[in-house]
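Engineer: Could you have a look at this structure, given as structure tokens, before my questions?
The values are calculated or read from the model by the stated rules, or taken from the named source; none is laboratory data. What you see is a predicted model; the values in this text were computed from it and never measured. Counting neighbours? That spans all protein chains shown, and the Cβs are built from the backbone with ideal geometry, glycine included. Note: accessible area is taken over every heavy atom of the protein model, side chains too, but ligands, DNA and RNA are not part of it. Shrake-Rupley method; radii C 1.70, N 1.55, O 1.52, S 1.80 Å.
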Amino acid sequence: MMEDESFTDINGKSISLDCQSHSSLCSEFIVSVPKVSIGKVMVYTCCVWLLAYAVFFFTENTAVLSSAIFITLVGMMLHIHFVKVDHESLLVIGSLGIQVSSSYASGRETTTFIEMSKIKDIVINEAIYMHQIIYYLCVLLKEPSDPDAVSSVVPLFQSSKPRLNCLVKVYKSCQEIISKC
Amino acid sequence: MVLKIFFPQCCNRADSGLLVGRWISSQDSAVVLAVIHYPFIPGHVKQYIQQMQAKSGVELSVLGSWSLPKDGQEGMESFLRDLSTIFPQERWLQINREVGKMGFTCQVLQRDQNGRVVQRETKKKNEKVDEGAGEAGGDEEEQEEEKVIFVHYEQRKVMLSQLHPIENGVPDPKTAPPSELRQMFQTVANSQPLFFLDRYDDGPLKSTHWQTEGREASIIVELLKQALIPLCMLIGWLLSVWTWVCNIRIFSLYPLRFLSSKLSTCIQLSYRTEHMRLLSSPKPAAGHMQFMRKANIVVSFLVDVALGMLLIWWLYRDNHITMLANMLVPAADHVAKELDELLQWLMGAPAGLKMNRALDQVLGRFFLYHIHLWISYIHLMSPFIEGILWYGGLSACLGLTFALSLLSDMVALLTFHIYCFYVYGARLYCLKIYGLSSLWRLFRGKKWNVLRQRVDSCSYDLDQLFIGTLLFTVLLFLLPTTALYYLVFTLLRLVVVLFQGVLHLSVDFINSFPLFAMGLRITKPYRLAEGVKFRVLCEEPGTALHLLMEINPLKCSAVVQTYRTLTYSCYPKDSWAALVKKLFVGELIYPWRHKTTKTD
């Protein structure tokens, strides 16, 4: 089963949620963030280069220009490798665990798997973020010594930050799977 | 309930036979370790499993049957059913895979109290969905409540990998039992004796599992191990001689002990001795952590010596030593000249400031005389400098760290005059600051109560007030002159401290960086596992779950943090704010490392 729906994130940008149900025990939710726009890249590049040219105009040192090119290239590489998230996915496998992974625009992927025995619950939480109140989905982890207490919270979809209607959809499917086991 | 079956990838195409593995009963999962092929005699299988159980300490059992029928092998259904009565188990798995379609069929037979075999479990037909690795997809008729999840794993990687964070020793009864994945990893790692049975062995049993392809190389390793024993004994004997020399009474006398605790070469020497003692101990490493520690020490020692040899090769190739020695005296002269000029400048009107002339002259002459003393000392030493450098350079064959420590000590000795200037300036400044602060209290009619550790009010006599105020004024007006000298020499001192700090940091880096763990992480990422990650192999709707378990390697930062060799920390003990406060009050700062603070 595969559905593709578009939602918006907390800033009003459109994101798409892709629900794949592999079986009754396992489903995967992928939130994709729009690709970086060419206009934005152009604006940043032009800013750096104009600034470099202005400095060059006064100092007449060509090293400024070459360093500007270098800075732009390295900055872009670092941005797509460490900052720009392409999609984030949540794989819920009943009785086995939850896998959270986010893949960056360069193809780098970071994955963490949380075993079911460590998970207490999945909830939607409220948080104050800058000047607004946002909702986010999070996994509550059990304290090993005391099963009733919550030791830590793992927030999900940290970089895409979808809105509540999207979160509710994911939350319902997750609870369905978790309650079965 | 969900049944999880961990299935090794190497058994995907195995001939029909019996599944050998372990039930992790508390979590309702089964770890398949090997397939024993037909034909076999059940007694042999039972005996073999008992043997393996005794060797590995894992509760092995026959989990069920595996069939991949070739042509003309039909009607095995009843035979497979009968097998379950030969190997009585609570549950009996029957996994089928058909050659033409490469399909999977899984049946779970449950044995109830009466000893009757009840078949009440899923019957699944798995259509082949070849997903790269040659896995099979599943197709499930969802009428039963029990479901099966197949988790395919690579036996070799799971066997060799070490799950982090490391738990060793007896599990704590207070905390929860080890998690399912950890148990699974332990099971596969401990059942290594099972994997020694070779495919081509001529025995009563034949089995399929992961098996090593590099037995010949391990012979070389064994020979090397044998050869290392006398080497370890030799090192141990040398170490005992060295410790005996170090423990001679003359070395524990006060000035020598103090000196050796301050010289970084001595500290490095004791540090290396400790390492060598650890390495030369005849006992094998107990546990993963200690093994990694030993390996890290060996690799960093070898790299250290190699770098040291490189340095020696450069130093002694084109007589660089003589060049350095010839450069040193003019450099010292140059520094002295610069300092001379600096003092002359300070004795005039530095930066247009008007100093107290008398005090300025006294301080300036005092420091000038010191520089004169220093320079004549250097010139007296100059014939011996080349020899000292020549023999000192030889210490690099013990490792680059020794050469760097020696350089740090030499810098400390050669810049002793700067240290002296700094101490005089700081002491003078400190005295003034203390005098001013206590006189400022007198000025306000207060005093410091030593017993109660607080400021109390106090009524002074007129004479006391008069003298105090007079002294306060004198000190206040003399302060800028002292402060200026203090400032200049502190800056000089800071340059030296910074240089020595960089040297100490690089020595510490070479000593503590876990090179072996890092190499392992880069070349064989599965060896150090942070956890696992799963990939869904079957994409078709309504099919049973087939997951591929891959190993998630540890992050590089975590590798460094976990496996850093314990070392004497030489990082600044104070925070930046504390350092600035110390500088402002005029307390002395040192780059010396503190032997007592051992961090991990």
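Engineer: Checking B:Ala295 against (1) at pLDDT below 85; (2) crowded, with 17+ Cβ neighbours inside 10 Å: exactly one of these is not met. Which one?
Structural biologist: (1)
Engineer: Taking interchain pairs and intrachain pairs at least six residues apart, which have beta carbon atoms under 7 angstrom, with the first residue in segment B:431-454 and assigned to a helix (DSSP H, G or I) and the second open to solvent by 100 Å² or more (accessible area, probe 1.4 Å)?
Structural biologist: Hits for this filter: B:Ser438/B:Trp448; B:Arg441/B:Trp448.
Engineer: Moving to a separate point now. From the residues in segment A:90-105 that are hydroxyl-bearing (Ser, Thr, Tyr) and within 11 Å of chain B (Cβ to nearest Cβ), which one is surrounded by the fewest Cβ atoms within 10 Å (Cβ to Cβ)?
Structural biologist: As a first pass, look at segment A:90-105 and keep what is hydroxyl-bearing (Ser, Thr, Tyr): A:95, A:101-104.
Among the residues that remain, those that are also within 11 Å of chain B (Cβ to nearest Cβ) are: A:95, A:101.
Numbers: A:Ser95: 22, A:Ser101: 19.
The selected residue is A:Ser101.
Engineer: Go through segment A:133-150 residue by residue and tally those that are away from chain B (no Cβ under 14 Å) and within 10 Å of A:Lys120 (Cβ to Cβ).
Structural biologist: 3
Engineer: Test each condition in (1) open to solvent by less than 90 Å² (accessible area, probe 1.4 Å); (2) free of Cβ contacts under 8 Å to residues at least 12 places away in the same chain; (3) under 28 Å from the mean Cα position of the chain (by Cα) for B:Lys225 and report the one that comes out false.
Structural biologist: For B:Lys225, the exception is condition (1).
Engineer: Here's a follow-up. Where residues in segment B:447-475 are of a type outside the set (A, V, I, L, M, F, W, C) and under 30 Å from B:Leu359 (Cα atoms), which of them is least open to solvent (accessible area, probe 1.4 Å)?
Structural biologist: At the first step, the residues of segment B:447-475 found to be of a type outside the set (A, V, I, L, M, F, W, C) are B:447, B:449, B:452-454, B:456-457, B:459-461, B:463-464, B:468-469, B:473.
With the extra rule that they be under 30 Å from B:Leu359 (Cα atoms), the set shrinks to B:447, B:463-464, B:468-469, B:473.
On the way: B:Lys447: 93, B:Asp463: 114, B:Gln464: 92, B:Gly468: 5, B:Thr469: 47, B:Thr473: 55 Å².
Among them, the one singled out is B:Gly468.
Engineer: Return yes or no: is A:Glu115 within 14 Å of chain B (Cβ to nearest Cβ), of a type in the set (Asp, Glu) and open to solvent by less than 40 Å² (accessible area, probe 1.4 Å)?
Structural biologist: Answer is yes for this residue.
Engineer: Select from segment A:133-150 the residues that are at pLDDT below 90 and either touching a Pro at 6+ places or on another chain (Cβ under 7 Å) or not aliphatic (A, V, I, L, M) (or both) and list them in ascending order.
Structural biologist: Of everything in segment A:133-150, those that are at pLDDT below 90 and either touching a Pro at 6+ places or on another chain (Cβ under 7 Å) or not aliphatic (A, V, I, L, M) (or both) turn out to be A:Lys142, A:Glu143, A:Pro144, A:Ser145, A:Asp146, A:Pro147, A:Asp148.
Engineer: Out of the strands (runs of 3 or more DSSP E) lying entirely within segment A:1-53, which hold 3 or more residues that are within 30 Å of A:Ile133 (Cα to Cα) and away from every other protein chain (no Cβ under 14 Å)?
Structural biologist: A:2-8, A:14-23
Engineer: Also, quick follow-up: Could you tell me how many of the residues in segment A:151-163 are away from chain B (no Cβ under 14 Å) and closer than 12 Å to A:Val123 by Cα?
Structural biologist: Total satisfying the criteria: 3.
Engineer: Here's something else I'd like to know. Please work out which one of (1) open to solvent by less than 70 Å² (accessible area, probe 1.4 Å); (2) farther than 17 Å from B:Gly425 by Cα is the condition B:Asp318 fails and give its number.
Structural biologist: All conditions are met except number (1).
Engineer: I'd like the full set of residues that are surrounded by 15 or more Cβ atoms within 10 Å (Cβ to Cβ) and of a type outside the set (A, V, I, L, M, F, W, C), limited to segment B:487-509.
Structural biologist: If the condition is that a residue be surrounded by 15 or more Cβ atoms within 10 Å (Cβ to Cβ) and of a type outside the set (A, V, I, L, M, F, W, C), then B:Thr490, B:Arg493, B:Gln500, B:Gly501, B:His504, B:Asp508 are the ones that fit.
Engineer: Let me ask another. For segment B:490-538, which positions are within 14 Å of chain A (Cβ to nearest Cβ) and more than 18 Å from A:Thr110 (Cα to Cα)?
Structural biologist: Once the filter is applied, which keeps residues that are within 14 Å of chain A (Cβ to nearest Cβ) and more than 18 Å from A:Thr110 (Cα to Cα), segment B:490-538 yields B:Leu537, B:Cys538.
Engineer: Determine whether segment B:470-479 contains at least one residue that is at pLDDT 90 or above, among the aromatic types (Phe, Trp, Tyr) and assigned by TED's automatic domain parsing to the domain that holds B:Lys354.
Structural biologist: Yes: segment B:470-479 contains one or more residues that are at pLDDT 90 or above, among the aromatic types (Phe, Trp, Tyr) and assigned by TED's automatic domain parsing to the domain that holds B:Lys354.
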